[in-house]
Amino acid sequence: MTIKNKAYIAGIYEHPTRHAPDKSTAQLHAEVAKGALEDAGLTHADVDGYFCAGDAPGGIWQMSDYLGLNKLRHLDSTETGGCSYIIALGHAAEAIAAGKCSVALITLAGKPRTGPMPPRAYGPEIDFEMAYGPTTHNAYGMCAMRHMHDFGTTSEQLAWVKVAASHHAQYNPHAMLRDVVTVEDVVNSPIISDPLHRLDCCVVSDGGGAVIVTTPEIAKSLKRPLVRLTGHGEAQKGPNGGRKLDLTYSAGVWSGPAAFAEAGITPKDIKYASIYDSFTITVVIQLEDLGFCKKGEGGKFVSDGNLISGVGKLPWNTDGGGLCNNHPINRGGITKIIEAVRQLRGEAHPKVQVPNCDLAVVHGTGGLLGIRHAASTAILERV
């Protein structure tokens, strides 16, 4: 079964807050759900499918009850870290195509700045790995170091990713970091995990977002621009016990081609890219894996403003991305969907809006790039 053109994104909402000491995580989920439903012109009574992940307090049954979702026919709480919501987009399309639901709600929310993080579920190999002191930062630092060793990638090239994000964030009134930075600013910021500097790292923000996915018939009855899902892929990658370990590629090497094949297009057709940016190296590796450039050439590809809207060949993360705008609950997947839909609707800021934007790719990873992670890719099209 294909999900091509079987489901449309009818509503989106990104919470404007980046600091929420006076709100609970459940309240943030409710507020983003309300915002997305209002954007679509629907109400909670229309929702019959609900999708969430490990950030939902109490799990899907408690969260759905809190949200007043009393007509659910389909529930999905697949947990794959930051890409959970891109995977949920594909799963929602599958459920809609199979007739399991007609209006699906996807929510994300959290407050890592002002509240506790949800507990991380550890796997069976944790006793063998914790002795080596893995952290989020050094797991990505290892990938950057290996990419530099194998391909000659430089810190200056990685810095161009942050520079592009800052150029876009200056036009986003809700972005955490709105100051434009230079390559020199990035490489002169403190080292966090060699070779990654502080400005190579994403922001930590409270907040959240929500997306409404529905049938073609319902979408066409609403007074909203039409954006449909034409291709989707998901995959995972682990260290495989250390056998043939290669830190220079992600699970995007499998999810990307699957999504492009289902959509019947190639990376050359894409007008706008929403690419997960937990760190600058994350972007470089994913762009290679998705086929925008050859393996090892990502550093050159992102240099000299090639990701800046109106300047480069591939406009990318025009809201400022996780590097400057928003990375709620340390998960960036849903904001990538939201900005891609804005671009396809023509609702991005005029300074960064891509002219005649009709095809966009959304891609993200969840977990740790240098250890084990999932990846998901979605192709969106304006109708």
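Inside segment 180-201, residues that are of a type in the set (A, V, I, L, M, F, W, C), out of contact with any Lys or Arg (no Cβ under 9 Å at 6 or more places or on another chain) and assigned to a loop (DSSP other than H, G, I, E, B) make up a count of 1. For segment 1-53, a residue qualifies if it is within 18 Å of ASP206 (Cα to Cα), among the β-branched types (Val, Ile, Thr) and more than 19 Å from the chain's Cα centre (by Cα), and exactly one does: THR25.
Residue count for segment 111-147 under the criterion of being touching a residue at least 12 places away in the same chain (Cβ under 8 Å) and either at positive phi or among the β-branched types (Val, Ile, Thr) (or both): the result is 3.
Mind counting the residues in segment 205-246 that are closer than 28 Å to ASP48 by Cα and touching a His at 6+ places or on another chain (Cβ under 6 Å)?
Narrowing segment 205-246 to residues closer than 28 Å to ASP48 by Cα: 206-235.
Still in the running and touching a His at 6+ places or on another chain (Cβ under 6 Å): 206-208.
Summing the residues that are closer than 28 Å to ASP48 by Cα and touching a His at 6+ places or on another chain (Cβ under 6 Å) in segment 205-246 gives 3.
Checking each residue in segment 313-337 for being hydrophobic (A, V, I, L, M, F, W, C) and part of a helix (DSSP H, G or I) picks out LEU323, CYS324, ILE334, ILE337.
Tell me, please, whether a residue that is assigned to a loop (DSSP other than H, G, I, E, B), out of contact with any Lys or Arg (no Cβ under 8 Å at 6 or more places or on another chain), among the acidic types (Asp, Glu) and modelled with pLDDT of 95 or more can be found in segment 112-131. Even if it seems obvious, please write down each step before you answer.
So the first thing to find is which residues in segment 112-131 are assigned to a loop (DSSP other than H, G, I, E, B), and the list is 112-125.
Filter again for out of contact with any Lys or Arg (no Cβ under 8 Å at 6 or more places or on another chain), leaving 112, 114-122, 124-125.
Now drop any that are not among the acidic types (Asp, Glu), which leaves 125.
From the residues that got through so far, the ones that are modelled with pLDDT of 95 or more too are none.
No, the conditions are met nowhere in segment 112-131.
Only a single criterion out of (1) of a type outside the set (Ser, Thr, Tyr); (2) assigned to a loop (DSSP other than H, G, I, E, B); (3) modelled with pLDDT of 95 or more; (4) surrounded by fewer than 18 Cβ atoms within 10 Å (Cβ to Cβ) is not satisfied by LYS244, namely (3).
The set of residues in segment 324-364 being polar (S, T, N, Q) and under 13 Å from SER274 (Cβ atoms) consists of ASN325, ASN326, THR335, GLN343.
Just wondering, is there one or more residues in segment 169-179 that are part of a helix (DSSP H, G or I), touching a helix residue (DSSP H, G or I) at 6+ places or on another chain (Cβ under 8 Å), of a type in the set (A, V, I, L, M, F, W, C) and within 30 Å of GLU31 (Cα to Cα)? Yes: one or more hits. Among residues of segment 6-32 that are assigned to a helix (DSSP H, G or I), those with a Cβ under 8 angstrom from a residue that is among the hydroxyl-bearing types (Ser, Thr, Tyr), sequence gap 6+ or separate chain, pair up as ALA26/TYR66; LEU28/THR17; HIS29/TYR66; HIS29/THR107; ALA30/TYR66; VAL32/TYR13; VAL32/THR107.
Residue-by-condition table, conditions (1) out of contact with any helix residue (DSSP H, G or I) (no Cβ under 8 Å at 6 or more places or on another chain); (2) more than 18 Å from GLU217 (Cα to Cα); (3) in contact (Cβ under 8 Å) with a residue 40 or more places away in the chain:
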{"residue": "ALA36", "(1), (2), (3)": "yes, yes, yes"}
{"residue": "ASP39", "(1), (2), (3)": "yes, no, yes"}
{"residue": "ASP48", "(1), (2), (3)": "yes, no, yes"}
{"residue": "PHE51", "(1), (2), (3)": "no, yes, yes"}
{"residue": "ASP55", "(1), (2), (3)": "no, yes, yes"}
{"residue": "ILE60", "(1), (2), (3)": "yes, yes, no"}
{"residue": "SER64", "(1), (2), (3)": "yes, yes, no"}
{"residue": "LEU72", "(1), (2), (3)": "no, yes, no"}
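Against the conditions (1) surrounded by fewer than 20 Cβ atoms within 10 Å (Cβ to Cβ); (2) of a type outside the set (Asp, Glu); (3) at positive phi, where does LYS223 fall short? Just the number, please. (3) is the only condition that LYS223 fails.
Listed here are the residues, each with its yes/no results for (1) surrounded by fewer than 21 Cβ atoms within 10 Å (Cβ to Cβ); (2) assigned to a helix (DSSP H, G or I).
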site	(1), (2)
TYR50	no, no
ALA56	no, no
GLN62	yes, yes
ASP65	yes, yes
LYS71	yes, no
THR78	yes, no
CYS83	no, yes
ILE86	no, yes
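Residues are listed down the side, and each one gets a yes or a no for (1) charged (D, E, K, R); (2) under 19 Å from GLY233 (Cα atoms):
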site: ALA258; (1), (2): no, yes
site: ASP277; (1), (2): yes, yes
site: THR282; (1), (2): no, yes
site: LEU323; (1), (2): no, no
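Would you pick out the residues in segment 303-320 that are in contact with a Phe, Trp or Tyr (Cβ under 6 Å, 6 or more places away or on another chain) and of a type outside the set (A, V, I, L, M, F, W, C)? Once the filter is applied, which keeps residues that are in contact with a Phe, Trp or Tyr (Cβ under 6 Å, 6 or more places away or on another chain) and of a type outside the set (A, V, I, L, M, F, W, C), segment 303-320 yields SER303, PRO315.
Among the candidates ALA273, ALA235, ALA259, the residue that is buried (at least 16 other Cβ atoms within 10 Å of the Cβ) and not in a strand (DSSP E or B) is uniquely ALA259.
The values are calculated or read from the model by the stated rules, or taken from the named source; none is laboratory data. Everything numeric here is computed off the predicted structure, so don't read it as measured data. A quick note on method: Cβ atoms are made from the backbone with ideal geometry, for glycine too, and the neighbour counts reach across all protein chains shown.
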